[in-house]
Amino acid sequence: MRWLIPFLFALPAMADPAVVEAVKAAPSGGAWRFDVTLSHADTGWEDYANGWRVTNETGRVLGTRKLLHPHVDEQPFTRSLSGVKIPQGVTRVWIETSTLPEGWDGTRYQVDLR
């Protein structure tokens, strides 16, 4: 039993998912632009918010914004995605976030389009 205790302390802690703090959505040239503000306890290249995406109600991905580096000293931070095609008649979309190493979180932030 003695060998089990040091092993448990060596396990990495599970990071928190990235949190959507705010979303600004605006029509732009026949498509939509999304400005998404995220917060996450980025610690470096091994643990950081690495993307967000726009989905419809069934989870179909309409656009993805990859985040290519950690934002350790910039929290919260806002990044944009333009050219997102929203099907006619759709009045609501969702934002989902991804982090390294966990991947897509599954939590959805609702955005009403006006």
**Asked** Which ones in region 68-99 are over 18 Å from residue 34 (Cβ atoms) and aliphatic (A, V, I, L, M)?
**Response** 72
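For region 75-90, which residues satisfy the criterion of being open to solvent by 60 Å² or more (accessible area, probe 1.4 Å) and modelled with pLDDT of 95 or more?
Kept after step one, since they are open to solvent by 60 Å² or more (accessible area, probe 1.4 Å), are these residues of region 75-90: 75-76, 78, 82, 85, 88-89.
76, 78, 82, 85, listed by residue number.
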**Prompt:** Of the residues that make up region 59-74, is at least one touching a strand residue (DSSP E or B) at 6+ places or on another chain (Cβ under 6 Å), within 24 Å of residue 44 (Cβ to Cβ), modelled with pLDDT under 95 and of a type outside the set (Lys, Arg)?
**Reply:** yes
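Give the residues of region 12-55 that are over 14 Å from the mean Cα position of the chain (by Cα), open to solvent by less than 30 Å² (accessible area, probe 1.4 Å) and on the phi < 0 side of the Ramachandran plot, sorted by residue number.
First, the residues of region 12-55 that are over 14 Å from the mean Cα position of the chain (by Cα): 12-14, 24-33, 43-46.
Still in the list and also open to solvent by less than 30 Å² (accessible area, probe 1.4 Å): 31, 44.
Once the filter is applied, which keeps residues that are over 14 Å from the mean Cα position of the chain (by Cα), open to solvent by less than 30 Å² (accessible area, probe 1.4 Å) and on the phi < 0 side of the Ramachandran plot, region 12-55 yields only 31.
Test of understanding: among 72, 90, 84, which residue is touching a residue at least 24 places away in the same chain (Cβ under 8 Å), within 17 Å of residue 20 (Cα to Cα) and not hydroxyl-bearing (Ser, Thr, Tyr)? Working first, answer last.
Values: 90 fails: within 17 Å of residue 20 (Cα to Cα); 84 fails: within 17 Å of residue 20 (Cα to Cα).
Exactly one residue qualifies, and that residue is 72.
The values are calculated or read from the model by the stated rules, or taken from the named source; none is laboratory data. Keep in mind the model is a prediction, meaning the values are calculated, not measured. We place every Cβ from the backbone using ideal geometry, glycine too, and count neighbours over all the protein chains shown. Heads up: the accessible areas ignore ligands, DNA and RNA and are worked out on the full protein's heavy atoms, side chains in. Shrake-Rupley method; radii C 1.70, N 1.55, O 1.52, S 1.80 Å.
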